[in-house]
Amino acid sequence: MKQLSALDINYLIKEFQFLINSKVDKIYLPRKKEIILQLYAPSKGKYYLKIDEKSVYLTDYKPLSESPSQFCLYLRKKLANSRLRKIEQIDFERIIKLEFETKEEKFTLIAELFSKGNILLTKNNKILTASEYQNWKDRTIRPNILYQHPKKEYNFLKLAETKLKQALSKSTKENIIKSLAIDLGLGGVYSEEACILSKIDKEKKPNELTEKETKDLFKTLIKLKDQKINPKIVYKNKEVIDLIPFELEYYKKSKQEKAETYSSILNQYFSKENEIKQKEKLDQKTQVIQNIIKSQKEDIKRLEKQEKTNKEKGELVYQNYQLIDSILKELKDISKNHSWKEIKDKLKGHKLIKEVISKDKSIVLELK
């Protein structure tokens, strides 16, 4: 499954700038941590911006009308007919911030695309609501408190060469790949690309880079964040292995397919993934229904057999009514002078009475 990196998000934000000043027409929440904003961009038309716990992209998918949740109703109340004034990435985190403005107020919708994911609405940086209230050791997501996001020591987008040297010298990671991926938040693929373009041994320890290697690495990192968007779908044995916003040397031997926008290939990828998940859910529901039908058919057969048996018993009782009645009267008379234990002993070997249940003062007859 494709996991958007902080750099992927950075390039998506660049693509979404044409949505600035678009109006919020409708808001949908197909599920708890998924929101679709129906936006109308002046002179461009209608767009659906989909955000969930792992991705963000423009889609042509219009959700079916369902009973909206309280979270959805609250977002509609606050953001209806508002204008999208700004869309940006918070620092170099996997967090997207969308600023909306109505005639009277300003709100910020925040999408966290890491861990379990979350969608929050804030005003003046104070949390109004969230798709899920969460608690961590160092921060909390709940209403009426200031929003705080996780922070890295270094912001890749504003990284100066001196800061890069500092990060590498302080790093405790075993090699340069892990240092770039974790300390700077580049992720594995872009860290590999940085080493390839800089001609640096990726297994080299970060604090052992020469002055020249550090300078070359810094120049490469600048290029990575300022590339021209040229999205590609990367394949291996006909299977999609990555979606990238621009060409990478790392994938030069892999089959690639060009796309018009980075958002469009994310839409294609995640829509297909969602279709597979929906099919799996449908198959599971179908199996449950089939199991219920099978169980009900077995119950019907059992009840039909039971009905037949009870009917036969009823007919026997009816045919032997006088006999049964006389036996019961006789037992009633005998029980006046004898205990049921005595009756049980006396009736052993009786042709019709097969069992005497002293505790219940009842008998079992065998009728033919």
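Filter segment 135-150 for residues that are assigned to a loop (DSSP other than H, G, I, E, B) and either under 14 Å from residue 106 (Cα atoms) or in contact with a Phe, Trp or Tyr (Cβ under 6 Å, 6 or more places away or on another chain) (or both) and give the result. Break it down into steps so the answer makes sense when it comes.
So in segment 135-150, the residues assigned to a loop (DSSP other than H, G, I, E, B) come out as 136-139, 142-145, 147-150.
Scanning segment 135-150 gives a single hit, 142.
Among (1) open to solvent by 70 Å² or more (accessible area, probe 1.4 Å); (2) touching a residue at least 12 places away in the same chain (Cβ under 8 Å); (3) in a helix (DSSP H, G or I), where does residue 195 come up short?
The single condition residue 195 does not satisfy is (1).
Can you tell me which residue in segment 7-31 is farthest from residue 116 (Cα to Cα), limited to those that are hydroxyl-bearing (Ser, Thr, Tyr) and in contact (Cβ under 8 Å) with a residue 60 or more places away in the chain? If you could, list the steps in order and put the result at the bottom.
So in segment 7-31, the residues hydroxyl-bearing (Ser, Thr, Tyr) come out as 11, 22, 28.
Subsequent filtering for residues that are in contact (Cβ under 8 Å) with a residue 60 or more places away in the chain retains 11, 22.
Values: 11: 23, 22: 29 Å.
Looking at residues that are hydroxyl-bearing (Ser, Thr, Tyr) and in contact (Cβ under 8 Å) with a residue 60 or more places away in the chain, I get 22.
Could you check segment 246-267 and list, in sequence order, the residues that are free of Cβ contacts under 8 Å to residues at least 24 places away in the same chain and open to solvent by 80 Å² or more (accessible area, probe 1.4 Å)?
Passing the criteria: 247, 252, 253, 255.
Determine the pairs where a residue that is touching a residue at least 40 places away in the same chain (Cβ under 8 Å) and more than 13 Å from residue 72 (Cβ to Cβ), located within segment 32-60, has a partner that is surrounded by fewer than 21 Cβ atoms within 10 Å (Cβ to Cβ) and of a type in the set (Asp, Glu) with Cβ atoms under 7 Å apart, the partner being 6 or more residues away or on another chain.
Every condition considered, the pairs that remain are 39/25; 52/34.
With 355, 275 as the choices, which residue is modelled with pLDDT of 80 or more and surrounded by 10 or more Cβ atoms within 10 Å (Cβ to Cβ)? Lay out the reasoning, then the answer.
Details: 275 fails: modelled with pLDDT of 80 or more.
Sole residue among the options that is modelled with pLDDT of 80 or more and surrounded by 10 or more Cβ atoms within 10 Å (Cβ to Cβ): 355.
How many residues are open to solvent by less than 20 Å² (accessible area, probe 1.4 Å), touching a residue at least 60 places away in the same chain (Cβ under 8 Å) and part of a loop (DSSP other than H, G, I, E, B) when one looks only at segment 199-245?
Of the residues in segment 199-245, 1 are open to solvent by less than 20 Å² (accessible area, probe 1.4 Å), touching a residue at least 60 places away in the same chain (Cβ under 8 Å) and part of a loop (DSSP other than H, G, I, E, B).
Against the definition (closer than 25 Å to residue 16 by Cβ, open to solvent by 20 Å² or more (accessible area, probe 1.4 Å), part of a loop (DSSP other than H, G, I, E, B) and among the hydrophobic types (A, V, I, L, M, F, W, C)), how does residue 114 come out, yes or no? Before you say what the answer is, go through the steps one by one.
On the way: closer than 25 Å to residue 16 by Cβ: yes; open to solvent by 20 Å² or more (accessible area, probe 1.4 Å): yes; part of a loop (DSSP other than H, G, I, E, B): yes; among the hydrophobic types (A, V, I, L, M, F, W, C): yes.
Taking the combined requirement at face value, the residue satisfies it.
Only one of 88, 132 is modelled with pLDDT of 95 or more and either in a helix (DSSP H, G or I) or of a type in the set (Asp, Glu) (or both); which? It would help to see each step written out before you state the result.
Values: 132 fails: modelled with pLDDT of 95 or more.
None of the others qualify; the one that does is 88.
If we keep just the residues of segment 246-263 that are among the polar types (S, T, N, Q) and part of a loop (DSSP other than H, G, I, E, B), which is farthest from residue 6 (Cα to Cα)? So that I can check it myself, show each step before the final result.
At the first step, the residues of segment 246-263 found to be among the polar types (S, T, N, Q) are 254, 256, 261, 263.
Next, from what is left, pick out any that are part of a loop (DSSP other than H, G, I, E, B): 254, 261.
Values: 254: 23, 261: 18 Å.
Among those residues, the one meeting the criterion is 254.
Step by step: first the residues of segment 344-368, then only those that are free of Cβ contacts under 8 Å to residues at least 12 places away in the same chain and small (Gly, Ala, Ser), then the one that is farthest from residue 326 (Cα to Cα). Which residue is that?
Applying the filter and picking the extreme gives 349.
Filter segment 316-363 for residues that are assigned to a strand (DSSP E or B) and of a type outside the set (Asp, Glu) and give the result. Steps first, answer last, please.
The first filter runs over segment 316-363 and keeps only residues assigned to a strand (DSSP E or B), leaving 353-357, 362-363.
Those that are assigned to a strand (DSSP E or B) and of a type outside the set (Asp, Glu): 353, 354, 356, 357, 362, 363.
Say we look at segment 91-111 and pick out the residues that are in a loop (DSSP other than H, G, I, E, B) and among the acidic types (Asp, Glu); which of these is most open to solvent (accessible area, probe 1.4 Å)?
Applying the first criterion (in a loop (DSSP other than H, G, I, E, B)) to segment 91-111 yields 91-94, 102-105.
Remaining after also requiring among the acidic types (Asp, Glu): 91, 93, 104-105.
Numbers: 91: 65, 93: 19, 104: 153, 105: 61 Å².
Only one residue tops the list, namely 104.
When you look at residue 7, is it part of a strand (DSSP E or B), within 24 Å of the chain's Cα centre (by Cα), surrounded by 19 or more Cβ atoms within 10 Å (Cβ to Cβ) and not small (Gly, Ala, Ser), yes or no? Step through it out loud before you land on a result.
On the way: part of a strand (DSSP E or B): no; within 24 Å of the chain's Cα centre (by Cα): yes; surrounded by 19 or more Cβ atoms within 10 Å (Cβ to Cβ): yes; not small (Gly, Ala, Ser): yes.
No; evaluated as a whole, the condition is false for this residue.
Of 40, 28, which residue is open to solvent by 20 Å² or more (accessible area, probe 1.4 Å) and either modelled with pLDDT of 95 or more or in contact with a Cys (Cβ under 7 Å, 6 or more places away or on another chain) (or both)?
Numbers: 28 fails: either modelled with pLDDT of 95 or more or in contact with a Cys (Cβ under 7 Å, 6 or more places away or on another chain) (or both).
Unique residue meeting the criteria: 40.
The values are calculated or read from the model by the stated rules, or taken from the named source; none is laboratory data. Only a predicted model underlies this, so the values are computations on that prediction, with no experimental measurement involved. Please note: Cβ atoms are built from the backbone with ideal geometry, for glycine as well, and neighbour counts cover all protein chains shown. With ligands, DNA and RNA removed, areas are computed over all heavy atoms of the protein, side chains included. Shrake-Rupley method; radii C 1.70, N 1.55, O 1.52, S 1.80 Å.
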